[in-house]
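A quick write-up on the structure given underneath.
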Amino acid sequence: MTDAPAHAGIGLIRVPVGLVVLVGAPASGKTSFVRALIARRQIDAETVVSSDEIRAELFGDPPAEADSDAVDARIFEERDRRIIARLAAGRSAVAESTNVTPQARARLLTIARRFNAPVTMLRFTDEVTDLLQQHVERGRPDVTAADVRAYAAIMTRDASAGQLRSEGAAAVHDVPGRRQGVTPAEAAERFTFC
């Protein structure tokens, strides 16, 4: 990873080397945010471990196989393998998937503990109406509006900042988005990765 740009000022949110867990419903801006981080050279592309990209690598885009428990298990086994490799080498990993359930986060926290890596959780907390608008704009056929609503409800119920801290996150930060009038690039400017 590279340092923040020279013009970065005081008030940046520092994210230490370790595991960064993105937490948000589909269409909440997680991918746009990490793309902005990469474009700004705040992180390397290899730092991001995306379940969507792994799904495309293993099963095609759109997926050639129907979603099933076996397909999801294979995707998340590969995701975990990649995260473990990065943490074992003393590098950061950004887990880019929804991670809205305590079970999904517990799996990642367990991996981080094996390497004594701090966990920073970044929450994407858009309102359902914004999520649905973004969902329509991105046009992903493998995720329905009902899926977006369901993930948003789980996020509201199970992913408060307090809940994430109680699970073991060293730090929890909300990433601003459309509701706050902030673009992904502007949100990325607010963070620096050590």
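The values are calculated or read from the model by the stated rules, or taken from the named source; none is laboratory data. Computed from a prediction, not measured in an experiment: that's the story for all the values here. Virtual Cβ from ideal backbone geometry, glycine too; neighbours counted across all protein chains shown. In case anyone asks, the SASA skips ligands and DNA or RNA and just uses the protein heavy atoms, side chains included. Shrake-Rupley method; radii C 1.70, N 1.55, O 1.52, S 1.80 Å.
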Task: Whole-percent carbon and sulfur share, accessible surface of region 36-194, 1.4 Å - done: 50
Open item on the list: With a 1.4 Å probe and all protein chains left in place, how much accessible area per residue does the chain have, in Å²?
Closed with: 50
TODO: Would you please give the residues with an amide H less than 5 Å from that of Val15, counting only those at least 5 places away or on a separate chain, with H modeled from the backbone geometry?
DONE: Thr192, Phe193, Cys194
Task: Nearest-20 debye value, the chain charge dipole, Cβ charges on Lys, Arg, Asp, Glu - done: 700
Task: Thr120 accessible area, assembled protein chains, probe 1.4 Å, Å² - done: 0
Open item on the list: Students sometimes get this wrong: rank Glu46, Glu78, Glu186, Glu53 by accessible area, probe 1.4 Å, all chains present, largest first.
Closed with: Glu46, Glu53, Glu186, Glu78
